[in-house]
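**Q** Below is one structure. I have some questions about it.
The values are calculated or read from the model by the stated rules, or taken from the named source; none is laboratory data. The structure displayed is predicted, hence computed values, not measured ones. Note that each Cβ is placed from the backbone with ideal geometry, even for glycine, and that neighbours are counted across all protein chains shown.
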Amino acid sequence: MRKPPSGRLFYCTFDSTYLIFISMVKKNQQTTVPDNELYILPSPNEEMREFVSKFKVDMMEHVVSSIKFAVENKLSIVEVFQFKDSPFVVTINEKEFMPNLSHIRKYYMENELFELCPKVEKLCETLNPKTDEKEKQDPDGNSNSNS
C-alpha cells in the first residue's frame, strides 16, 4: 500500500448536512493515480460555495466512486478533488472511507435519493465484510447451518 502524504485533515460540511473527512495536500506523484477520474473544483471561495450547492449530489457520487476506485486498487489514499489553478488536491485516507460513506448514505436517505443508496451500501459491505459466516459457526469452527 502507498504511504499517505502528509497533510492536514479537514472536516467539511456541505450546507450543514453532509460531513466529509478530507486531507488537503500539494499534488505530487504519490497522490495522483492516473486512472481515477479528475474532478476540478473552482478555487475562489464564492465560486466554490455556488459550485458545491449546485453539484452537491454529483460531488458525493464522485467521492463514492473515488473510494470504490481506491478499494479496488488497494490504495490507502485517493485523490478526490483538485482545485482549478492550484497545486492543492483533496484526498481521503482509507480510515476515513467508512465515515464518508456513512454520511453520504445518511444524506441520500434524508433527501430520498434512494436510487443512489445501493452503490454506497455495496461498498460499505466490501469494506466491512459481514460476520454471517462467523455467526453460523459453533465455537469449534464447525458449520452450524440449518439447511
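**Q** Quick one: residue 108 ticks every box in (1) touching a strand residue (DSSP E or B) at 6+ places or on another chain (Cβ under 9 Å); (2) crowded, with 20+ Cβ neighbours inside 10 Å; (3) hydroxyl-bearing (Ser, Thr, Tyr) except a single one, so which number is it?
**A** (1)
**Q** Specify which of the listed residues (80, 52, 71) is among the β-branched types (Val, Ile, Thr) and in a strand (DSSP E or B).
**A** After applying the criteria, what remains is 80.
**Q** So, of the residues in the stretch 82-102 that are closer than 14 Å to residue 67 by Cα and buried (at least 20 other Cβ atoms within 10 Å of the Cβ), which turns out to be modelled with the lowest pLDDT? Can you show your working first?
**A** Filtering the stretch 82-102 down to residues closer than 14 Å to residue 67 by Cα leaves 90-102.
Imposing the further condition that a residue be buried (at least 20 other Cβ atoms within 10 Å of the Cβ) reduces the set to 90-92, 97, 100-101.
Numbers: 90: 88, 91: 91, 92: 93, 97: 95, 100: 94, 101: 96.
Residue satisfying both the conditions and the ranking: 90.
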